[in-house]
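Take a look at the structure set out below.
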Amino acid sequence: MPVLVIGHAADTCARTPPGSMDRITARTNGAREQVVTVSGGPGSPAGIQAGIDACVGRSPHGFIEQEAEVAAGIGRFIRGGKY
């Protein structure tokens, strides 16, 4: 089964730190594996704190204002290409 791991470089969610993405693919045996680090976007809105509070859609965790780009990359991967 193919494995695609996508994270945002500025994600401060305690459950999805960007530094853990390679560890996920190291534990899988996918037919195709790719790790993608997204960067840019507007950053965290005011009031978002590092840790669990950062696990909201309107933050880097949710690829804020980059949703279309991320979805297009996922689509390419599903069709057999690179993100």
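Applying a threshold of 9 Å to beta carbon distances and a minimum spacing of six or more residues, or different chains, the list of pairs starting in the stretch 1-17 at a residue that is more than 15 Å from Glu67 (Cα to Cα) and free of Cβ contacts under 8 Å to residues at least 12 places away in the same chain and ending at one that is among the basic types (Lys, Arg) and part of a loop (DSSP other than H, G, I, E, B) is empty. Annotation: Thr37 fulfils all but one of (1) without any contact (Cβ under 8 Å) to a residue 40 or more places away in the chain; (2) surrounded by 17 or more Cβ atoms within 10 Å (Cβ to Cβ); (3) in a strand (DSSP E or B); the unmet one is (2).
Residues are listed down the side, and each one gets a yes or a no for (1) modelled with pLDDT of 95 or more; (2) within 13 Å of Gly7 (Cα to Cα); (3) in contact with a Ser or Thr (Cβ under 7 Å, 6 or more places away or on another chain):
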{"position": "Arg23", "(1), (2), (3)": "no, yes, no"}
{"position": "Asn29", "(1), (2), (3)": "no, no, no"}
{"position": "Gln34", "(1), (2), (3)": "yes, yes, no"}
{"position": "Asp53", "(1), (2), (3)": "no, no, no"}
{"position": "Ile64", "(1), (2), (3)": "no, yes, no"}
{"position": "Arg76", "(1), (2), (3)": "yes, no, no"}
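Residue pairs whose Cβ atoms lie under 8 Å apart, sitting 6 or more positions apart in sequence or on different chains, and linking a residue in the stretch 66-81 that is free of Cβ contacts under 8 Å to residues at least 12 places away in the same chain to a partner that is hydroxyl-bearing (Ser, Thr, Tyr) and outside any helix (DSSP H, G or I), are Arg76/Tyr83.
The values are calculated or read from the model by the stated rules, or taken from the named source; none is laboratory data. Computed from a predicted model, the values in this text were never measured in an experiment. For neighbour counting, all protein chains shown are included, and Cβ atoms are generated from backbone atoms with ideal geometry for every residue, glycine included.
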